[in-house]
Amino acid sequence: MTFIIPPDAERVVEIRKLWTVFRSPDGDQVVHRDLDLTIVRGEVLSLVGGSGTGKTVLLRQILGLEHPTKGEVTVLGHAPARLSAMGAANVGMLFQHGALFSAFSVLDNIAFPLRELKLLPDDLIRDAALVKLQMVGLSPQQATKSPSDLSGGMIKRVALARALIMDPPLLLLDEPTAGLDPESADGFCDLLRGLHRELGLTVVMITHDLDTLFDLSSRIAVLADQKVIVSGTTRDVIAYPHPFIHEYFLGGRGQRAMEALHEGAASRPVPLSER
Ligand SMILES: Nc1ncnc2c1ncn2[C@@H]1O[C@H](COP(=O)(O)OP(=O)(O)OP(=O)(O)O)[C@@H](O)[C@H]1O
Ligand SMILES: [Mg+2]
């Protein structure tokens, strides 16, 4: 699919003809084959696809933790590796499995990327971490707790505060609501929506959860057959004939979520048109 990007849109991420190949003694595994994707400032782009289709690997490419076998990934005009020294200042990532340091307090987890830089005095770092703690809806009393004392929803919030510690313009979310009960998931979606608006973030999100997908996305991109086969509004995506799309959106689970969708963000037109 080719996008017509509005001339005034800033391209935050550009992925061109990306190949990701993992080599093993049993043979090569091609995860991405000629994958193209452009992400523009301000959008919430949701990636959906079957398990093992390379969604997390794609976020890791954007983060610079994986490198293209062929093709090109640029973030804010540079290869992610060139951003690496100050990586957390440009791209924040909420990892699929929370990934807090269990031996650190909540505050030390949030402060970690800033401490690693060794540029600021400790009292400033603590204050910055406290600001982020409150930004994600947690009280200062939580600062000294250990991750094992937190609920699943609170762990996600702490991980989000850590991802945002350096005010990155680009936020990557890998299954942000997975494992949360419906109420916590709704609360976390509200938080993400508010932060996206207030901080003017560009967000790339992976989710299997249709409620989260419809709640937050301004565009949906479908990963199948090693590439982005289609992207656009919910309507655009559903109209694309592919067995995964049919099963995902039009199977029983999809139908229920679609019925619950009245004014979902993804059903509204986005400022991108598609050929
Ligand atoms: N570092 C690696 N070395 C070798 N293979 C890898 C590596 N990372 C991922 N893979 C493989 O690449 C494929 C895509 O993995 P990925 O984690 O991106 O899937 P996913 O789409 O995020 O799936 P899920 O929805 O289950 O999280 C999988 O087959 C995985 O085993
Ligand atoms: Mg994954």
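Every read-out reported here was derived from the displayed coordinates using simple, explicitly stated rules and does not represent laboratory data. From a predicted model like this one, the values you see are computed outputs, not experimental measurements. Ideal geometry is used to build each Cβ from the backbone, glycine not excepted, and the neighbour counts take in all protein chains shown.
Cross-link reach is defined here as a Cα-Cα straight distance under 20 Å, omitting same-chain residues fewer than 8 places apart; for Lys17 the aspartates and glutamates meeting it are Asp28, Asp34, Asp36, Glu66, Glu72, Asp225, Glu274.
When you restrict to C-alpha pairs under 8 Å that are six or more residues apart and normalise by the size of the chain, the relative contact order lands at 25 percent. Tell me which residues come under 5 Å, amide H to amide H, from Val228 once H is placed; ignore anything under 5 positions away on its chain. Correct list: Asp36.
Annotation: peptides 191-198, 116-123, ranked by per-residue average of other Cβ atoms within 10 Å with the highest first, follow the order 191-198, 116-123. Model label points for Ser139 and Glu247, set 7 angstrom from Cα along the Cα-to-Cβ axis, are 4.7 nm apart.
Taking Cα atoms only, the orientation of helix 152-163 departs from the longest principal axis of the chain by about 90 degrees.
Amide H contacts for Leu173 (H built 1.01 Å from N in the peptide plane; partners 5 or more residues away or on another chain; cut-off under 5 Å): Leu94, Val204, Met205, Ile206.
The phi torsions of the stretch 17-32, fed into the Karplus equation with coefficients 6.51, -1.76 and 1.60 and a -60° offset, translate into couplings of 6, 6, 10, 10, 10, 9, 9, 8, x, 7, x, 7, 10, 8, 8, 10 Hz, rounded to whole numbers, with Gly and Pro shown as x. Could you tell me which of the pairs Lys156/Lys227; Lys55/Lys145; Lys70/Lys227; Lys70/Lys156 are separated by over 24 angstrom between their Cα atoms in the structure shown? Listed pairs above 24 Å: Lys156/Lys227; Lys55/Lys145; Lys70/Lys156. In order along the stretch 51-59, the phi-based Karplus estimate (6.51 cos²θ - 1.76 cosθ + 1.60, θ = phi - 60°) of 3J(HN,Hα) comes to 5, x, 7, x, 6, 5, 4, 5, 5 Hz; Gly and Pro are listed as x.
Highest mobility in the GNM of the chain, judged by mean-square fluctuation with C-alpha springs under 10 Å and restricted to His67, His208, His246, is found for His246. Fully extending the segment from Thr69 to Gln255, taken as 0.36 nm per residue of separation minus the present Cα-Cα distance, adds 63.1 nm.
Were the residues from Arg16 through Val131 laid out at 0.36 nm apart, the gain over their Cα-Cα distance would be 37.7 nm. Applying 1/(1 + (r/R0)^6) with r as the Cβ-Cβ distance of Asp8 and Ala79 and R0 = 30 angstrom yields a FRET efficiency of 0.75. Karplus-derived 3J(HN,Hα) values for the stretch 121-134, using 6.51 cos²θ - 1.76 cosθ + 1.60 with θ = phi - 60°, are x, 4, 5, 5, 4, 4, 5, 4, 5, 5, 4, 5, 4, 6 Hz; glycine and proline are entered as x.
Only helices enter the 222 nm calculation for the chain: every DSSP H run of n ≥ 4 contributes -39,500 (n - 2.57), and dividing by all residues gives -10500 deg cm²/dmol, rounded to 500.
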